[in-house]
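A short worksheet on the structure shown next.
Please treat every number below as a calculation from the coordinates, not as lab data. Keep in mind that this is a model prediction, so the values were computed, not measured. When we count neighbours, we look across all protein chains shown, and the Cβ atoms used for this are built from the backbone with ideal geometry, even at glycine.
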Amino acid sequence: MEDINNNIETIKEDVTDNQITTPKTVIHVSHTDIYQGKSLILNDISLNITEGELVYMVGKTGSGKSNLLKLLYGDVPPTNGEVNVAGFNLNKI
């Protein structure tokens, strides 16, 4: 199992035509703060999620998990930094 985990890379090889492709970034968040009203909930969040990645969040109640998801689906507007989801710049929506 350890060998399998060591062989997982962000660059995947397309076996059919022997071309190396870089997975597409689906979610990009860079240096973003998340507020609920006037309260700062999460500070300086940065993350990248590429196509095919499995990601999960864990944390205590009130730690900001739901607010991060609300940012990603557009319910909480980004106040600074950069947020792109599926090619859409959420700073401009």
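Compute the semi-axes of the equivalent ellipsoid of region 36-93, taking the square root of 5 times each eigenvalue of the Cα gyration tensor, and list them largest first in whole Å.
Output for region 36-93: semi-axes of 18, 17, 9 Å.
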Inset, instruction - Using label points projected 7 Å from each Cα along Cα→Cβ, tell me how many nm separate N48 and N91, to one decimal. - result: 1.7 nm
Legend entry - 20 Å Cα-Cα threshold exceeded, pairs from K24/K70; K38/K70; K38/K65: K24/K70
